[in-house]
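What follows is a set of notes on a single structure, which appears directly below.
The values are calculated or read from the model by the stated rules, or taken from the named source; none is laboratory data. Here the structure is a predicted model, which means the values were calculated and not measured. Here the Cβ positions follow ideal geometry from the backbone for every residue, glycine too, while neighbour counts run over all protein chains shown. Accessible surface is based on the protein model in full, side chains and every heavy atom, while ligands, DNA and RNA are left aside. Shrake-Rupley method; radii C 1.70, N 1.55, O 1.52, S 1.80 Å.
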Amino acid sequence: MNPLFAGRRRRNMIAMTLSFAATAFGLGWLVLILGVLFWEGLSGLSLKVFTEMTPPPGSDGGLLNPIMGSLIITSIAVLIGTPVGILAGTYLAEYGRYDRLTSVIRFINDILLSAPSIVIGLFVYEIMVYPMGHFSGWAGAVALSLIVIPVVVRTTEDMLLLVPNPLREAATSLGLPRAYVIRHVCYRAARAGMLTGVLLAIARISGETAPLLFTSLNNQFWSVDMNAPMASLPIVIFQFALSPYEDWQRLAWTGALIITLTVLALSITARALTSSRKES
Amino acid sequence: MVDMTAEGAAYSVAEPPSRMKILNRLRLTDTAFYWLTRLAAIGVLIILGGAIVALIDGSMLALREFGFSFLYTAHWNPVTEKFGAIAPIYGTLVTSLIAMLIAVPIGLMIAVFLTELCPASLRRPIGIAIELLAGIPSIIYGIWGLFVFAPFLQRTVQPFLIDVFGPIPVLSTIFAGPPYGIGMLTAGLILAIMVLPFITSISRDVFESVPPVLKEAAYGVGCTTWEVVRYVVLPYTRVGVIGGVMLGLGRALGETMAVTFVIGNAHRISASTLAPGTTISATIANEFTEAVGDLYSSSLVALGLILFVITFIVLAIARYMLMRLERKAA
């Protein structure tokens, strides 16, 4: 064979083998991380984890108060962030679609989407914790809601832009004002996609640690008082994993497994929602 | 008709709502909804503006005390209250550099595999698997890095690096010192695993934006797959790929928890990547709640401000490039 062809084929073979190897490498980490997580986490998983409080080192206990705290903080964050995000996304896609302000907001929103979450924590510390004089569950919820907002804005806008214009025109020709068209026609058409956005936002914040470090802090005891420091799973994992006590470390692994399963379940559900919408 | 008026009299004392009234109410809700959405959209700007103002306000004390020397001095002494940011800035840049050196080529190769080589039936599952890797919270990477990855590196990879590169002049300083396990190299490697999915999914998306006609023409004149990628796909998508890489870099610079676990939190600058160091985010995460004294916490907020400015610039460039590509595609 012509040596030029042989050389080109060889180079192609090398490059293709490398890209195959890179994919195996990337997937390998996923398997490795999940494998270790299940191995370490399952060994500590029992009913006690969900029914008992975090223990002092050396004694038995569970993760009830951080699980509860995470649920409360996350729910409130979603309750604050979702309406704001949906409204803002609505403006970008509907009222202000051709506005110059829209492209600025979209740009800023995209930056907020990947801004370092620890900076969000510092921001909320400056505006809430410092003036109030104490750490609180509210501050944690606000910090997380600031992460929810850009995610929901983005998906709401994208999904509303996918709604075909004839739908809007048909509704408008019946004499419906804009607000009704948006709420009763566009929202209904984009519902699955918007729900996906909310689910992805929940998945995103349920593992966030950095913004909670100096907002909701931590609490060793059972507390549902939003004005007091509140325990949350990621913070407890952080504290327990870095402790020298073996039983704390085991609980950290179990907590890590719970968070990961939650996040994976949420993102797979979100994906299933969008793909079933595409097929229908 | 008679019935209806009787009903109206029975159920409402007021006159039945006139057409005008209904129209007015509709107009009112319409205007209200418009302003509500507009307000929420402006809220996004307020969040960013508020964050910048709050961070500047919080760091004022430190910036006034140290001035510009805060940026280039290396002291970090809570006892004498002397603070300088160069060690964490250095750590942030070095770990992110290591991460990008590893993640960019591998991420691009995975994207090539997904768009050019992979059988169509496997494309979606592999793509989803890679994206799941992006969904794993960073604290999971942290705990895994601390208990599994760092000890593994300490036992195998690090002694190997020290042995192999020991006799070579420059490399021996980069890989010098005892294998601690934790350190800047470990943090960089974990960051690489974390940003890999971001780079992969964005470059896959931009690779898919190449018009098939271009690729088919190249295949038609006898190019190999690699040549199509190298001379058609990559030049066409260069802007988008750079955007994706910058987006990954933005993530790496600001990543907190995964790094905090494995960096070692030592305020010093050492040429060896095996030595413990610190990053901006790790310093804040580790020290902020324990910071005693206004100057100490103010210095930490100033670190946060620096991090925010750096990532803002990087992310802005990334978004700008991706926007340019979108405009080209449209």
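For residue A:180, which of the numbered conditions (1) among the aromatic types (Phe, Trp, Tyr); (2) without any contact (Cβ under 8 Å) to a residue 60 or more places away in the chain; (3) under 30 Å from residue B:281 (Cα atoms) fails to hold?
(3)
Among A:103, A:136, A:145, which is surrounded by 24 or more Cβ atoms within 10 Å (Cβ to Cβ) and either more than 21 Å from the chain's Cα centre (by Cα) or not basic (Lys, Arg) (or both)?
One residue alone meets the criteria, A:145.
So, in the range A:29-42, how many residues would count as being more than 8 Å from chain B (Cβ to nearest Cβ) and open to solvent by less than 30 Å² (accessible area, probe 1.4 Å)?
Number of matching residues: 1.
Could you check the range B:10-52 and list, in sequence order, the residues that are modelled with pLDDT of 85 or more, among the small types (Gly, Ala, Ser) and open to solvent by 50 Å² or more (accessible area, probe 1.4 Å)?
Residue satisfying the conditions is B:32 alone.
Is it the case that the range B:73-87 has a residue that's within 25 Å of the chain's Cα centre (by Cα), surrounded by fewer than 17 Cβ atoms within 10 Å (Cβ to Cβ) and free of Cβ contacts under 8 Å to residues at least 40 places away in the same chain?
Among the residues of the range B:73-87, not one is within 25 Å of the chain's Cα centre (by Cα), surrounded by fewer than 17 Cβ atoms within 10 Å (Cβ to Cβ) and free of Cβ contacts under 8 Å to residues at least 40 places away in the same chain, which makes the answer no.
Residues in the range B:158-181: is at least one touching a residue at least 12 places away in the same chain (Cβ under 8 Å), more than 27 Å from residue B:231 (Cα to Cα) and of a type in the set (Ser, Thr, Tyr)?
yes
Given the criteria touching a Phe, Trp or Tyr at 6+ places or on another chain (Cβ under 7 Å), over 24 Å from residue A:192 (Cα atoms) and open to solvent by 10 Å² or more (accessible area, probe 1.4 Å), does residue A:125 qualify?
It is true that residue A:125 is touching a Phe, Trp or Tyr at 6+ places or on another chain (Cβ under 7 Å), over 24 Å from residue A:192 (Cα atoms) and open to solvent by 10 Å² or more (accessible area, probe 1.4 Å).
Please note which helices (runs of 4 or more DSSP H) are completely contained in the range A:163-280 and include at least 1 residues that are open to solvent by 50 Å² or more (accessible area, probe 1.4 Å) and of a type outside the set (A, V, I, L, M).
Result: A:165-173, A:191-206, A:233-241, A:246-279.
Quick one: would you say residue A:55 is open to solvent by less than 20 Å² (accessible area, probe 1.4 Å) and away from chain B (no Cβ under 12 Å)?
yes
Can you tell me how many residues in the range A:100-116 are among the small types (Gly, Ala, Ser) and within 7 Å of chain B (Cβ to nearest Cβ)?
Qualifying residue count, the range A:100-116: 2.
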